[in-house]
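The structure appears right after this line, and notes come after that.
What follows is calculated from the coordinates using simple rules that are stated; it is not laboratory data. Here the structure is a predicted model, which is why all the values come from computation and not from measurement. Backbone-built Cβ (ideal geometry, glycine too); neighbour counts: all protein chains shown.
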Amino acid sequence: MPRRPVIAALTLAGLVLSIAAFVPLALAPTGLSPAAALGLIALVGLGLGPTFPFTIVVVQNAVAMHQLGVTTGTMNFFRALGSTFIVAGFGAIVLAGAPAIRGVAAGAVLTGTDAAESFRWVFAAAMLCLTIALVCSAFWIWRRQQQARALLAARSGATGSIVQRVADFAIPQGLDGEQVLAAARGRFIRLQAAWDAADISALRSLTTPEMLEELLHVLTARESRTSRTDVISLHAELLGLEELGAAYLASIEFSGLIRESAEAGEVPFRELWMLAGTKGDEVPSWRLARQQALL
């Protein structure tokens, strides 16, 4: 199933690429040919470009569905506000780095060496900002992974934690919390195997039509036709179980450790799954209706 660790890795790699491209622009702007300067600026854009849609995905996955509009609008507002401050700040740096412009007519422009020396400090300031962003992002990812590992360590051996969590809310008549959890864990393993094998028929039988459509968009964009994910450990907690019209809706939090390739190490994950089951069936056939990454 699609998860955010790939997004985090691509975002960090993009920041590193942009910082590396800014280094020669900041150190020796006058020593670069126009083609080399354009190439370096293109690398900066290539590194920064993916971070904007990735940020939207991460922010939207961190909130409830009914908060998506407010969250996205707030993020776009602060993104536009930050851009205004950055343009003003970088403009001040250009003017401060070009003393020759003082006393010159308003229509004058910087040319040649003066322009290169002025923008040297713009590139240096941008590199500093991206370095701070890289350090903060890497620290945040490391901290979340440590928290997830600590949570998994605390849960290991706590066999009664699932039953205690189930007993915290009323369960609809005819359903059993432990049976729902057992079915959910089975659905998790089957869905992961179907996703790795790109088995659309199996995905169709395990998901709602709306969720299948979302998964197919990601699946068609995946570079490799198949993949492999080893589920090292899997914990499930039943957070809610309710009747909704002609269906049951189960909210389950999955967490554990996975390995997404033979070369990669184990990484923690934490996700919220909503499973829908049709009422009237002797044993509800649970289908994935929504998946939201929490880590």
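Tabulated data
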item	result
Spin-label pair residue 259/residue 232, simplified geometry with 7 Å Cα→Cβ offset, distance in nm	0.8 nm
Loop GluC sites (Glu not before Pro), the range 190-280 (other Cβ atoms within 10 Å of the site Cβ: 16 or fewer; DSSP)	223, 263, 266
Label-point separation in nm, residue 142 to residue 84, each point 7 Å along Cα→Cβ	3.6 nm
The range 161-293: relative contact order as a whole-number percent, Cα under 8 Å and 6+ apart	23 percent
For the range 161-293, alpha-carbon Rg and Dmax in angstrom	15.3, 47
